[in-house]
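These notes are about the structure you will find just below.
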Amino acid sequence: MIAETGLAALWLAAAMALLQLVGGLTLIRGEGRLTPVIKPAALIQGALCVVSFASLMWLFYITDLSVLLVASNSHIDKPLIFKLAGTWGNHEGSMLLWVSVLSLSGAAIALLEKRIDLRTLQATLAVQAFVALGFFAFLLFSSNPFERLFPAPVEGAGLNPLLQDIGLAFHPPTLYIGYVGLSVAFSFAVAAMLTRQVGPAFARAMRPWVLGAWIFLTVGITAGSYWAYYELGWGGWWFWDPVENASLMPWLAATALLHSVSVLATRNALRAWTIMLALVAFAMSMAGTFLVRSGILTSVHAFAVDPERGSFILALMLMYTSLAFLVFATRIGTVKQGEPFQIISREGGIVANNIFLSVILAIVLIGTLYPLAAEAMGDKISVGPPYFNKATVPIALLLMIALLLGPLLRWRRDELKRYKYWLVAFFAVSLWTGVAIWRFVPGVGIFPILGLALSLALAIAAWVPLKGRELLRTPLPVFGMVIAHFGLAVCVFGMAAESGFSRETLTALAPGETTKVADWQVKLDDVRPVVGDNWVATEGQLVARNNGKNFVLRPQSRQFYRPEQQTSEAALLTRWNGQLYAVIAQPDENGDGRWQVRLWWKPFVTFIWIGGLLVAFGGAIALLGRMFRRPKKPTVNKWVQA
C-alpha cells in the first residue's frame, strides 16, 4: 500500500496545483471568488508531495522489488546509503524530488513571504502552480515512479556503479534545489509583470530565493566537479561535458541575476534587465533538465530516457519559456525606467559583470547545442575543451579585471581618478606575478600566467571594501560579498595552477619497480585482490616518496557484478601544495607481469574546490544577513513631533 499511497498523494498534489492555478486565473481576470484558496492549496500541495516522496524513499529503504523503479535501480544487498540515494539516482525519482522541492518552495512562499502585496503574492503562487502542473503531468502520465512490477524479481538490477558513491547523496539534491530556486525567481518575475509591480519591493522579495538557489547551485557544481574528478579516473576537474554545461549555464545566469536583483532592490535600477535574467535563468534550468533526461546525450551524468519522454520535457520547456517571454514582450513597456546612473559607478560595474557573464553563457550554450543541432541535420560535429577554453577564458579574464574595481565604486556616479593608487597597485601585483612565472617557470601558457596574476590581485582586491569600515557594524551581506569574491580568486588560482603546472606519467610497472612524476618517486610495492560489498577489485599498493617521506596510495580497478561494470577508483594523496593522483588499470598486454599505472601531480588543484566552497559560504553569510536584517526605524523630526 505504500506505493499506492505515494501515487495517490501525487494525484492529490496535482489537484491542489490545478486549484491554485484556477484561483490565480480568477485573480488575473479581476475576480476574487477563488483567490482565498491559493495559499491553502499551496500549503496542502507541499505536504502531499512530502508524503509522496517519503513513500518512495521508504520503498527504496525496504527494497520493495514489486515496484519497477526499485527493481531497476536497487538491490537487496546494496549498502543502505546507496539504497536511499538511489531514490533520486534515476529519472523518475529525480523528477519526483524536483516537483517535491518545487511544491515545498510554493508552500514556503505562501507561509513566509511578507514583503510584497497580497495580489502579487497570489499571482506568484499561481505561476508556481502552473510550472508544477507540467511536471505533475509528466510524472503521472509519462514517468510514474510508483509503477508496479509483476512478478517481482528476487534481487533487483542494482544501481549504476558510477553512482555508488557518497557524492550521489549530495550532488543531485543540491542542484535540484538550485534549479527549483530559479523557478521561484521565474514565478516572481512573471507575477510582477502581470500585476505591474516591478520595483524594489518585488526585488527584495525575490532576492533571498535567487541567493539561495545560487548557493545550492554553487555547492552542487563544486561537489559534482570533485566527484567526477576522483570517480571517473580521468584526472580532470572539468570536462566540458554537455551535462556539466547543463548545470553551469543556470549558474552563470543566476550569478548575473543575483547582482542585478540586488541593484533593483537597493537602488531601483535595472528593472527590465532583472526580469529578463530571471526568465533566462529559468530557461537555462529547463534546458539542463531537457539535456539530462531527453536521451539525446551519451554521458555518464545523463539519465538515458526514451525520446518520447524527452519530447515531453522539450514541450514543457518551450511552453514555459515562450509564454513567459510573450508576457515580457507585452508588459515590458509598462515597466517604468529605474533610477539613472553613470557608466563609472557601482551599477555600471555590475552591468559590465552581467555582460561578461552573459557572453560566457552564450558561448557555452552554443557549444553545447550546436553539435546536437548539427547531428539532427545529419552532420557529426564534436565541440570539446579546445573551443570552450579558447572562447571562454579570455572573457573570464576580462570579468576578473572588472571585479578588481567594481566593488569599490560608488553608487550612481564616480570617478576613476579616485582609485588611481589602487589601480596601480593591482597592476603592479599582476605584472610582478606574471613576469616572475614567465621568468622562472618556462613553458607555461599565457592563460595560466594571466589567471595566476589576476587571481592574486583579486585576492587582495576582494578585501578592500572592508577598508575604513567599523567591522562590528559592517552588514553581513558586505562580508558575504568579500568572502565570495575572495573564494573566486582562490578557485581561479587553483584552476590556473593545475592547468599550467600539472605533470603526468603513464607507464607499466611490475611489483618493485619505480617511476617518477614531478618531484615524486613512486614504487609499485604490491598488487592484490580485494572484495567489497558488491564488487571485487585489483588493488595496487603504491609507495610515493618526496622530501624523504613515504606515503602509501591504494588505487583500485573494480569489477561490479550487480550490474556488471568495471570502474577505476583513483587514490589521492593531498598535500598543502597539490595532489598526487594515481590510477591502476589492467595488466599490461605483453603478459610480463606489469600493470598499467597512471600518475598525475596537480599543484594547488584542491584550491578549486576550496574556492568554490568559499564562494558558497560567502553567499550563505549574505543570505543570513538578508533574512535577519533588522528593519530600520523611521526617523522622526523631533521639532515636528513636538
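The values are calculated or read from the model by the stated rules, or taken from the named source; none is laboratory data. Owing to the predicted nature of the structure, the values given are computational and were not obtained by experimental measurement. So basically every Cβ, Gly included, is an ideal-geometry build from the backbone, and we count neighbours across all protein chains shown. With ligands, DNA and RNA removed, areas are computed over all heavy atoms of the protein, side chains included. Shrake-Rupley method; radii C 1.70, N 1.55, O 1.52, S 1.80 Å.
Remarks
- Working note: 222 nm ellipticity from helices only, DSSP H runs with n ≥ 4, each -39,500 (n - 2.57), summed and divided by the residues of the chain, gives -21000 deg cm²/dmol to the nearest 500.
- Bridgeable aspartates and glutamates around LYS523 (alpha carbons under 13 Å apart, same-chain partners fewer than 8 residues away excluded): GLU513.
- Computed over the range 361-441, the P(r) tail beyond 20 angstrom holds 59 percent of alpha carbon pairs.
- Cα point-scatterer Debye curve for the range 68-201, base-10 log of I(q)/I(0) at q = 0.12, 0.17, 0.20 Å⁻¹: -0.58, -0.90, -1.09
- Taking all pairs of distinct alpha-carbon atoms in the range 465-571, Kirkwood radius in angstrom: 18.1
- Computed FRET value (nearest 0.05) for LEU416 with THR330, which takes r as the C-beta separation and R₀ as 30 Å: 0.15
- Distance between the pseudo-spin-label points of VAL536 and ILE366 (7 Å out from Cα toward the beta carbon): 5.3 nm.
- Taking one quarter of the surface of the convex hull spanned by the alpha-carbon atoms of the range 38-101 gives a direction-averaged projected area of 4.3 nm².
- The range 539-601: chymotrypsin sites (Phe, Trp or Tyr not before Pro) in DSSP loop, at most 12 other beta carbons within 10 Å: TRP576
- Using C-alpha pairs under 8 Å with a sequence gap of at least 6, the mean separation divided by the residue count of the range 63-196 gives a relative contact order of 46 percent.
- Estimated FRET transfer efficiency (ASN577, LEU80; beta-carbon r; R0 41 Å; 0.05): 0.65
- Using a cutoff of 8 angstrom between alpha carbon atoms and counting only pairs six or more residues apart, the relative contact order for the range 296-445 works out to 29 percent.
- The convex hull of the Cα atoms of the range 310-383, projected and averaged over all directions, covers 7.7 nm².
- Computed over the chain, relative contact order equals 11 percent, with contacts defined as Cα pairs under 8 Å that lie 6+ residues apart.
- Label zone at VAL154 (point 7 Å along Cα-to-Cβ), backbone N below 20 Å, the range 53-70: 63-68, 70
- Candidates per chymotrypsin sites (Phe, Trp or Tyr not before Pro) in the range 418-492, loop by DSSP, up to 14 other Cβ within 10 Å: TRP463
- Projecting the Cα atoms of ALA71, PRO40, TRP98 onto the charge dipole of the range 1-101 (Cβ charges, centred on the Cα centre) puts PRO40 farthest toward the positive pole.
- Apportionment of accessible area to carbon and sulfur, the range 307-376, percent (1.4 Å): 70
- Accessible surface for HIS91 stands near 10 Å², nearest 10, in the context of the full protein assembly shown (1.4 Å probe).
- With all pairs of separate Cα atoms included, the chain yields a Kirkwood hydrodynamic radius of 26.8 Å.
- Taking a sphere under 12 Å around the Cβ of SER260 and counting the other residues whose Cβ falls inside, with K and R at +1 and D and E at -1, yields a net charge of +2.
- Inter-part distance where the range 481-507 and the range 422-468 are each reduced to a Cα centre, Å: 13
- Under 12 Å, Cβ to Cβ, from ALA272 - net charge with Lys/Arg +1 and Asp/Glu -1: +3
- Shape summary of the range 167-222, radius of gyration then Dmax from alpha carbon positions: 13.1, 43 Å.
- Solvent-free Debye scattering, log10 I(q)/I(0), computed from the Cα coordinates of the range 1-125 at q = 0.14, 0.17 Å⁻¹: -0.64, -0.81
- If R0 is 56 Å, the Cβ-Cβ spacing of ARG29 and ASN547 corresponds to a FRET efficiency of close to 0.15.
- The chymotrypsin sites (Phe, Trp or Tyr not before Pro) of the range 205-276 that DSSP puts in a loop, and whose beta carbon has at most 16 other beta carbons within 10 Å, are TRP234.
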